[in-house]
Amino acid sequence: MPINRPTLHKIEAIKTENEEVKTFKFRSSELAKKNEPGQFVMLWDPGIEEIPISIANASPKGEVEVAVADVGDCTHSLR
Ligand SMILES: Cc1cc2nc3c(=O)[nH]c(=O)nc-3n(C[C@H](O)[C@H](O)[C@H](O)COP(=O)(O)OP(=O)(O)OC[C@H]3O[C@@H](n4cnc5c(N)ncnc54)[C@H](O)[C@@H]3O)c2cc1C
């Protein structure tokens, strides 16, 4: 997969961690395979912004989780 090619992922689960942080789960075998400490993805909310978010968790089954703190326009749009 070319590094700059956007891919679409359906959010399968959302977990509220606390008042500011939610964890979003989606499926991507490509991202799950490449997950290593320090890796991040560019999360794009069309019409809002594109932001860097670290991969918090990835399973061999291809489940990927990102934990997002609500601090501004783009992160708030994910609420
Ligand atoms: C490599 C990398 C990995 C990241 N991983 C995560 C992650 O896993 N989870 C997560 O919740 N956030 C993560 N961030 C931070 C995340 O990218 C920002 O919170 C996001 O870009 C804010 O976008 P916004 O449009 O919601 O806020 P904006 O409207 O752009 O900003 C709102 C407020 O947040 C401040 N702000 C914006 N970005 C940052 C930042 N990087 N550090 C400190 N303050 C900031 C701004 O100065 C402003 O006061 C990561 C950032 C980087 C560079």
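Quick check on region 24-79: take the gyration tensor over C-alpha atoms, sort the square-rooted eigenvalues as a ≥ b ≥ c, and tell me if it's rounded (a/c under 1.5), prolate or oblate.
Details: a/c = 2.15, a/b = 2.05, b/c = 1.05.
In terms of gyration-tensor shape, prolate.
Tally Lys and Arg at +1 and Asp and Glu at -1 over the other residues with C-beta under 14 Å from the C-beta of ASN35: what net charge comes out? It would help to have the intermediate numbers written out before the result.
Details: positive: LYS25, ARG27, LYS33, LYS34, LYS61; negative: GLU30, GLU36, GLU63, GLU65.
Summing Lys and Arg as +1 and Asp and Glu as -1 gives +1.
Please sort 57-66, 38-47 by packing, taking for each peptide the average over its residues of neighbouring beta carbons within 10 angstrom, highest first. Kindly include the intermediate steps, with their values, before the conclusion.
Values: 57-66: 15.1, 38-47: 11.6.
Most protected by this proxy first, the peptides run 57-66, 38-47.
Taking other Cβ within 10 Å of each residue's Cβ, how do LYS25, LYS10 sort, fewest first?
Working: LYS25 17, LYS10 6.
The most exposed by this proxy come first: LYS10, LYS25.
Say the dipole of the chain comes from +1 at the beta carbon of Lys and Arg and -1 at that of Asp and Glu; which of CYS74, ILE11, ILE53 then lies farthest toward its positive end?
Value: ILE11.
If the only charges are +1 at each Lys and Arg Cβ and -1 at each Asp and Glu Cβ, what is the size of the charge dipole of region 13-77 around the Cα centre, to the nearest 20 debye?
Values: 7 positive and 12 negative charges, 98 e Å.
Once rounded to the nearest 20, the dipole reads 460 debye.
A short reminder: the numbers here are calculations on the coordinates, not readings from a lab. Since the model is a prediction, treat every value here as computed from it, not as a measurement. Reconstructed Cβ throughout: ideal geometry from the backbone, glycine too, with neighbour counts over all protein chains shown.
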